[in-house]
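Report on one structure; see the data block that follows.
The values are calculated or read from the model by the stated rules, or taken from the named source; none is laboratory data. Since this is a predicted model, take the numbers as computed values, not measurements. Ideal geometry is used to build each Cβ from the backbone, glycine not excepted, and the neighbour counts take in all protein chains shown.
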Amino acid sequence: MNRINQLFEDKKSNILSIYYTAGYPNLNDTVRIAEELQQSGADMLEIGFPYSDPVADGPVIQASSKLALDNGMDIALLFEQLKDLRKTVNIPVLLMGYVNPMLQYGVENFCKSCAEVGVDGCIVPDLPMAEYEAFYSETFKRYGISNIFLVTPQTSAERIQKIDKLTNGFIYLVSSSATTGKNLQLSQTTEDYFARIAALNLKNPIIIGFGINSKETFAKACEYANGAIVGSAFVKSIAEENNAENIKTFMETFTS
């Protein structure tokens, strides 16, 4: 059982996952931020590998990706930074980014490098499910890397059920059709969407992302899922001051 599965075995609700961009705000911050997030109560981490055209991201994460790239971050350097990750960080860690950098690095090499440094899974929003199933699923399985699929309000029940069968980890439930960074708005439409997903009785846990930026929105998301992901709000908070005390204070917003 990998760390992702173990987390959901041990903790059924209120799972707090934090997203941040590798190499941001400073090139060598990646592992230090991971350590401080773990110490401050994060249950899971999603480390973004930056890309020049992050189409699903809002302005905060777009800006962090640009700065990380300007700092010199790329996938090869990220794996070099993560080589000693598991000496200090024991919670689940996923890499999140777009398919183009992964293909350039090589999917086999990418999965192998993930396994070597202790990365548990990946979230690649623009990797087509059919392409993953046909060409890459065996490679991910061979190296023990969970591939996490996204579900949106437009995803059909048939597709969601197929995603559920292909998933070994959790399903990433996108709260709305907006880009990252928008505030979670629980309209009747959104509640109906969450209720529709719940009615499918999926075998995998569900984590809600996009728009989780406060204790209130985190609590709302956890009413409908096993937990939620905080991304843009955290990235924004470390843009100004990314020391340990600042990270601890930010995390207390959600954990206290």
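Some notes on this structure:
- Restricted to the range 214-223, and to residues there that are under 17 Å from Phe250 (Cβ atoms) and crowded, with 21+ Cβ neighbours inside 10 Å, the residue that is nearest to the chain's Cα centre (by Cα) is Phe218.
- For the range 1-53, the candidate set comprises residues that are among the hydroxyl-bearing types (Ser, Thr, Tyr) and modelled with pLDDT under 95; within that set, the residue that is farthest from Gly121 (Cα to Cα) is Ser52.
- Comparison of Glu116, Glu133 shows that the only residue that is part of a helix (DSSP H, G or I) and over 25 Å from Ala34 (Cα atoms) is Glu133.
- Exactly one residue out of Lys203, Lys236 is loosely packed, with under 14 Cβ neighbours inside 10 Å and in contact with a helix residue (DSSP H, G or I) (Cβ under 9 Å, 6 or more places away or on another chain), and it is Lys203.
- The range 172-196 residues that are buried (at least 19 other Cβ atoms within 10 Å of the Cβ), paired with ones that are at pLDDT 80 or above and basic (Lys, Arg) (beta carbon under 8 Å, 6 or more apart): Leu184/Lys220
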